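Reading through the structure tokens given below for one structure.
The values are calculated or read from the model by the stated rules, or taken from the named source; none is laboratory data. Quick caveat, the model's predicted, so the values are computed rather than measured. Backbone-built Cβ (ideal geometry, glycine too); neighbour counts: all protein chains shown. Each accessible area value is taken on the protein alone, full model and side chains, heavy atoms only, with ligands, DNA and RNA left out. Shrake-Rupley method; radii C 1.70, N 1.55, O 1.52, S 1.80 Å.
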Amino acid sequence: MGLASLLRLFFLAAIWGASFLFMRMAATSLGPAVLIEFRVGFAALTLFIVALYLKRRLAFTKHKKHFFIIGALNSALPFLLFAYAAQTISASTLSILNSTTPIWGAVVGIIWSKTKPTKSMVLGLLLGLVGVAILVGQNHLILNTQSLIAIVAALSASFCYAIASHYTKNAPKLAPFDNAHGSMWAASFMVLPLILFMPMREVPTTNVMLGVLALGVVCTALAYILFFKLIDDIGPTSALTVTFLIPLFGIFWGHLILDEQIGPNTLLGALFVIVGTMLVTGFLPRKKHLAKTR
């Protein structure tokens, strides 16, 4: 991985880590539906402007079924679930729970392809579960039905991402930019009616709206473009390493901006989840590989 790709990787992790900060800031006042409609709407408009600049025409009607499926699984549903969870649990915890996506991906893959998991994958899954249990335990003083539902919602959002990743393997082969652009419009259409059932709770402050704008334009639209650039440069497997960096930035931004406390449970839970994810995805160095490099 060259220096330019490495810098892009860290920048992507920083802005995706910040997405949980912005959701935490805005979720209570805007409510999940309004917040996410702003997020996917701003992202769709940004990608539309980029498409005009690049002179890329989106064949939305031709692939509308695909766009609505990927828009639901990769944007609308997980974004709503994370926004709901952001009303209760910290940005740090949200970012750590998000990093379980590859673990869920392995589970979905085992069920999907009916393959037998390796010992490394089983160990990784167990470590991931321990990490989540530690994160749940850190809220033992305020643990109630609402916080438990929030944690389940965040894990369900990560599960949606895992299903979406497996769906795309057999989905129509479109350019990554077109997938991002079309899915954002589809997500906007799906989330819009929910505003009637989950309306805005209070008029947002200027800081909240600036955060929501950054969430849609930077953390969603531009992040997609950056991620696809990384995939082109270093491949999807190496690009996946961003998953391990997001919790570090999520914890950092939560502490810096929202003054969230970084307790031993947060760090220990993050460690278990990240190591478990590495084992499941095969990112831990193997002895044979190490022997060859000596």
task = Tell me which of these GLY105 doesn't satisfy, since it passes every other one: (1) open to solvent by less than 20 Å² (accessible area, probe 1.4 Å); (2) modelled with pLDDT of 90 or more; (3) not β-branched (Val, Ile, Thr).
result = (2)
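Just to be sure I understand, how many residues within region 152-207 are among the aliphatic types (A, V, I, L, M) and in contact with a Ser or Thr (Cβ under 6 Å, 6 or more places away or on another chain)? Spell out the reasoning first.
Here is the first cut: in region 152-207, the ones among the aliphatic types (A, V, I, L, M) are 152-155, 157, 162-164, 171, 174-175, 180, 184, 186-187, 190-192, 194-196, 198, 200, 203.
If we keep only those that are in contact with a Ser or Thr (Cβ under 6 Å, 6 or more places away or on another chain) as well, we get 162, 187.
Matching residues across region 152-207 total 2.
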ask   = Exactly one of (1) open to solvent by 20 Å² or more (accessible area, probe 1.4 Å); (2) part of a helix (DSSP H, G or I); (3) within 16 Å of SER156 (Cβ to Cβ) is unmet by THR88. Its number?
value = (2)
message = Go through (1) of a type in the set (A, V, I, L, M, F, W, C); (2) surrounded by fewer than 22 Cβ atoms within 10 Å (Cβ to Cβ); (3) farther than 30 Å from ALA270 by Cβ; (4) modelled with pLDDT of 95 or more for LEU58 and report which single condition fails.
response = (4)
task = Residues being buried (at least 22 other Cβ atoms within 10 Å of the Cβ), more than 18 Å from PRO247 (Cα to Cα) and among the aromatic types (Phe, Trp, Tyr): count how many of those fall in region 61-85.
result = 2
ask   = Somewhere in region 1-24, is a residue surrounded by fewer than 24 Cβ atoms within 10 Å (Cβ to Cβ), touching a Gly at 6+ places or on another chain (Cβ under 8 Å) and under 26 Å from LEU245 (Cα atoms)?
value = no
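Kindly indicate whether VAL34 is surrounded by 21 or more Cβ atoms within 10 Å (Cβ to Cβ) and more than 19 Å from ALA180 (Cβ to Cβ). Walk me through it before giving the result.
Values: surrounded by 21 or more Cβ atoms within 10 Å (Cβ to Cβ): yes; more than 19 Å from ALA180 (Cβ to Cβ): yes.
Criteria met by VAL34.
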ask   = Is there any pair linking a residue in region 1-17 that is in contact (Cβ under 8 Å) with a residue 40 or more places away in the chain and closer than 12 Å to ILE225 by Cα to one that is of a type in the set (D, E, K, R) and open to solvent by 20 Å² or more (accessible area, probe 1.4 Å), with Cβ under 9 Å and at least six apart or on different chains, and which?
value = ARG8/LYS229; ARG8/ASP233
request  = Mind listing whichever residues of region 182-210 are farther than 17 Å from ALA33 by Cβ and of a type in the set (Gly, Ala, Ser)?
outcome  = GLY182, SER183
task = Could you tell me whether region 91-101 includes any residue that is modelled with pLDDT under 90, assigned to a helix (DSSP H, G or I), open to solvent by 40 Å² or more (accessible area, probe 1.4 Å) and not acidic (Asp, Glu)?
result = no
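Determine whether SER120 is surrounded by fewer than 22 Cβ atoms within 10 Å (Cβ to Cβ), in a helix (DSSP H, G or I) and in contact with an Asp or Glu (Cβ under 9 Å, 6 or more places away or on another chain). Give the steps one after another, and end with the answer.
Values: surrounded by fewer than 22 Cβ atoms within 10 Å (Cβ to Cβ): yes; in a helix (DSSP H, G or I): yes; in contact with an Asp or Glu (Cβ under 9 Å, 6 or more places away or on another chain): no.
No; evaluated as a whole, the condition is false for this residue.
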ask   = Filtering region 160-174 down to residues that are open to solvent by 20 Å² or more (accessible area, probe 1.4 Å) and in contact (Cβ under 8 Å) with a residue 24 or more places away in the chain, which residue is nearest to SER113 (Cα to Cα)?
value = HIS166
query = Mind checking whether some residue in region 177-195 is modelled with pLDDT under 95 and open to solvent by 60 Å² or more (accessible area, probe 1.4 Å)?
reply = no
Filter result for PRO199 (touching a Phe, Trp or Tyr at 6+ places or on another chain (Cβ under 6 Å), farther than 30 Å from LEU127 by Cα and open to solvent by 40 Å² or more (accessible area, probe 1.4 Å)) = no
query = For PHE228, which of the numbered conditions (1) among the hydrophobic types (A, V, I, L, M, F, W, C); (2) modelled with pLDDT under 80; (3) closer than 29 Å to LEU127 by Cα fails to hold?
reply = (3)
key: One residue from VAL152, VAL136 being free of Cβ contacts under 8 Å to residues at least 24 places away in the same chain, part of a helix (DSSP H, G or I) and more than 18 Å from the chain's Cα centre (by Cα)   = VAL136
